[in-house]
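Some notes on the structure that comes next.
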Amino acid sequence: MSDHSENSVPVYLGLMSGTSLDGVDGVLVSFPDSADGNEATAAMQIIASAYVPFDDALRQQAMAMQQPGENEIHREALLANALAHCYAACVHALQAKSPLSRIHAIGAHGQTIRHRPELGYTRQTNNPALLAELTGVDVIADFRSRDVAAGGQGAPLVPAFHRAVFGKPGSCRVVANIGGISNISILAEDGHTLGFDTGPGNVLMDAWIQKHHGKSYDQDGAWAAQGKVIPALLQQLLSEAYLQLPAPKSTGRDLFHMAWLQDKLHSKQHDFAHAQAVDVQASLCEFTAQTLANDIVRHAAQASHVYVCGGGAFNHQLMQRLQNLLAAQACPARVCSTADLGVAPEQVEALAFAWLARQFSLRLPGNLADVTGAAGARILGALYPA
């Protein structure tokens, strides 16, 4: 994968704003024309990337929509409009690097505000019609709903892309996407792919440092590294029933949020009211690392590598704990960033939604039924023409 693209090949733009609620990542990528979708994906060329942070007002709007509240329909509509303008700003930031006339379509994931596949729905707020109006480019959005309609979880959707881009015949690899929530894609030696949400990624650590230090995240995991894990608290966190469910499964802020953490901190079995805040942060970091390591060992004990993408790839303490926990369970995998495979960790999810937009345009499936539990392969997304 290189950093340039020929003018003759289709260009797609992927946009992703995740559960960390920090901003929107955008990437431009070209996929050579090919009757074989996988062949074209392997030859994709990354042209450029951009990042537009959410301002405080937008972040607060999005955070407020994570829980039930008054006048939700009105507030969601306003949030969708604000997101569309933020997404458009990201598109225009990339405009100078590739004229919009060259972009075949924008794949826009939207912002997940509810994810309840067990009740038959998932909700990614977005205004793709407004985004098409603001950019003059076709927009493909609402990727998850069709999978849910087919009986699937609607998540994770990235394993199909991970297989196409990072899979290596004869080698077992794991791709761990650590955003607000963590998910893994197990790319088995025989070509089979398994993927699911393992549990929280950064969401609890971010909430805890925001509460105690007013920071949006723990840079490099430096604060967590100063603390000591509280074994009883770690066990309390690990007692969450979701962690024992078999795949396919997916989760989000609907389950893992500050109220959930407070319940664990002040349960009937244990009350950690007097615990040092820094030790709680260390325990939360260990919780994320432990849930990832446990599922990797359970499903891919002989993996050669764990390639990490998302914000967690920049958390040195988390990466080190994951490596140590795998080694302690005799897993030979080396933990590293997807940058080792030529893709910056912050670009992977946006690339995945550019790829899903391409799959839709070619009327090719975007899901893996074995991963999501859907009744079969489905074409994902809805088109909003420019």
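The values are calculated or read from the model by the stated rules, or taken from the named source; none is laboratory data. The structure presented is a predicted model; accordingly, all values stated were derived computationally and were not measured. Here Cβ is always computed from backbone atoms with ideal geometry, including for glycine, and neighbour counts include all displayed protein chains. Please note that ligands, DNA and RNA were not included when accessible areas were found on the heavy atoms of the full protein model with its side chains. Shrake-Rupley method; radii C 1.70, N 1.55, O 1.52, S 1.80 Å.
Looking at segment 231-243, is at least one residue among the hydroxyl-bearing types (Ser, Thr, Tyr), more than 16 Å from residue 204 (Cβ to Cβ), open to solvent by 10 Å² or more (accessible area, probe 1.4 Å) and modelled with pLDDT of 95 or more?
Within segment 231-243, the first condition is being among the hydroxyl-bearing types (Ser, Thr, Tyr), and the residues that meet it are 239, 242.
Going one step further and asking which of them are more than 16 Å from residue 204 (Cβ to Cβ), we end up with none.
No: zero hits.
Would a scan of segment 113-133 turn up a residue that is at pLDDT 95 or above, closer than 30 Å to residue 373 by Cβ, in contact with a Pro (Cβ under 7 Å, 6 or more places away or on another chain) and not β-branched (Val, Ile, Thr)?
no
Any chance you could count how many residues in segment 13-31 are open to solvent by 10 Å² or more (accessible area, probe 1.4 Å) and assigned to a strand (DSSP E or B)?
Here is the first cut: in segment 13-31, the ones open to solvent by 10 Å² or more (accessible area, probe 1.4 Å) are 16, 18-20, 22, 25.
When the remaining residues are screened for being assigned to a strand (DSSP E or B), the result is 16, 25.
Total satisfying the criteria: 2.
Please work out if residue 114 is basic (Lys, Arg) and open to solvent by 60 Å² or more (accessible area, probe 1.4 Å). Outline the logic, then answer.
Values: basic (Lys, Arg): yes; open to solvent by 60 Å² or more (accessible area, probe 1.4 Å): no.
It is false that residue 114 is basic (Lys, Arg) and open to solvent by 60 Å² or more (accessible area, probe 1.4 Å).
Mind listing whichever residues of segment 172-183 are open to solvent by less than 10 Å² (accessible area, probe 1.4 Å), under 10 Å from the mean Cα position of the chain (by Cα), within 20 Å of residue 373 (Cβ to Cβ) and not hydroxyl-bearing (Ser, Thr, Tyr)?
Here is the first cut: in segment 172-183, the residues open to solvent by less than 10 Å² (accessible area, probe 1.4 Å) are 174-178, 180, 182.
From what is left, the residues that are under 10 Å from the mean Cα position of the chain (by Cα) are 176-178, 180, 182.
If we keep only those that are within 20 Å of residue 373 (Cβ to Cβ) too, we end up with 177, 182.
Hit for segment 172-183 is 177, nothing else.
Has segment 186-194 got at least one residue that is within 18 Å of residue 262 (Cβ to Cβ), among the polar types (S, T, N, Q) and either open to solvent by less than 20 Å² (accessible area, probe 1.4 Å) or in a loop (DSSP other than H, G, I, E, B) (or both)? Explain how you work it out, then say what you get.
Initially, segment 186-194 is screened for residues within 18 Å of residue 262 (Cβ to Cβ), giving none.
Within segment 186-194 (the criterion being within 18 Å of residue 262 (Cβ to Cβ), among the polar types (S, T, N, Q) and either open to solvent by less than 20 Å² (accessible area, probe 1.4 Å) or in a loop (DSSP other than H, G, I, E, B) (or both)), the answer is no, since none of the residues qualifies.
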